[in-house]
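Working notes, structure below.
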Amino acid sequence: MKKIKVAFGIHNHQPVGNFDFVFEEAHDKAYSPFLDLLERHPGIRMVQHYSGILLEWLKRNKPDFLPRLKKLVQRGQVELMTGGFYEPILSIIPYRDKVGQISKLTKFLQQEIGYEPKGMWLAERIWEPHLPKPCSEAGVRYVVLDDSHFKNAGLRE
């Protein structure tokens, strides 16, 4: 039987200005139970992205969350992705802000988790041909894209 490999990744975000009760409910019903599951099943390996605004809220309001996430990263179970800290549409902001947004989230992950991400989550999955340069300058080695970007570029299945 042929083996296949599947990359499993999730994206977690709450928008700037969202109500605390929304963050709280998402933490209690989704973010924390998901970490519970990963802690109970160390054989599950995956990629996760958290927006900077969400990570800041978690650090401030759920001080046990980031240490739990750090343990999952340290044991090689979770790979974290960077991205724009405040989840901007990178293709429409100035170059220096593109690099700054990505670098800000990367720095947060380095300081709080002790991890330097290699990959990047692209907000709203909006890709433009000029994005590789600022992404590379910010230390990104890969970006997750939808299959539609490849199909629109002429790649056939």
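Which entries in the list Lys59/Lys133; Lys5/Lys98; Lys3/Lys71; Lys59/Lys104; Lys70/Lys107 go over 22 Å, if you measure between the two C-alpha atoms of each? Listed pairs above 22 Å: Lys59/Lys133; Lys5/Lys98; Lys3/Lys71.
Per residue, how big is the convex hull of the range 1-56 when only Cα atoms are used? Give it in Å³.
94 Å³
How high is the relative contact order of the range 9-152, in percent, with contacts defined as C-alpha pairs under 8 Å that are six or more residues apart? It rounds to 22 percent for the range 9-152.
Between Rg and the Kirkwood Rh of the chain, both from Cα atoms, what is the Rg to Rh ratio? Could the numbers behind the result be given before it?
Values: Rg = 16.2 Å, Rh = 16.6 Å.
Using only Cα positions, Rg/Rh for the chain is 0.98.
Under a 5 Å amide H cut-off, with hydrogens placed 1.01 Å from N, Val47 pairs with Phe8, Gly9, Ile10, Glu79 among residues at least 5 apart or on other chains.
Please give the FRET efficiency for Arg125 paired with Met1, using the beta carbon to beta carbon distance and R0 = 22 Å, rounded to the nearest 0.05.
Values: r = 33 Å, r/R0 = 1.50.
It comes out at approximately 0.10.
Only helices enter the 222 nm calculation for the chain: every DSSP H run of n ≥ 4 contributes -39,500 (n - 2.57), and dividing by all residues gives -12500 deg cm²/dmol, rounded to 500.
Read-outs: derived from the displayed coordinates by stated rules, not from any lab. Keep in mind it's a predicted model, so treat the numbers as computed, not measured. For neighbour counting, all protein chains shown are included, and Cβ atoms are generated from backbone atoms with ideal geometry for every residue, glycine included.
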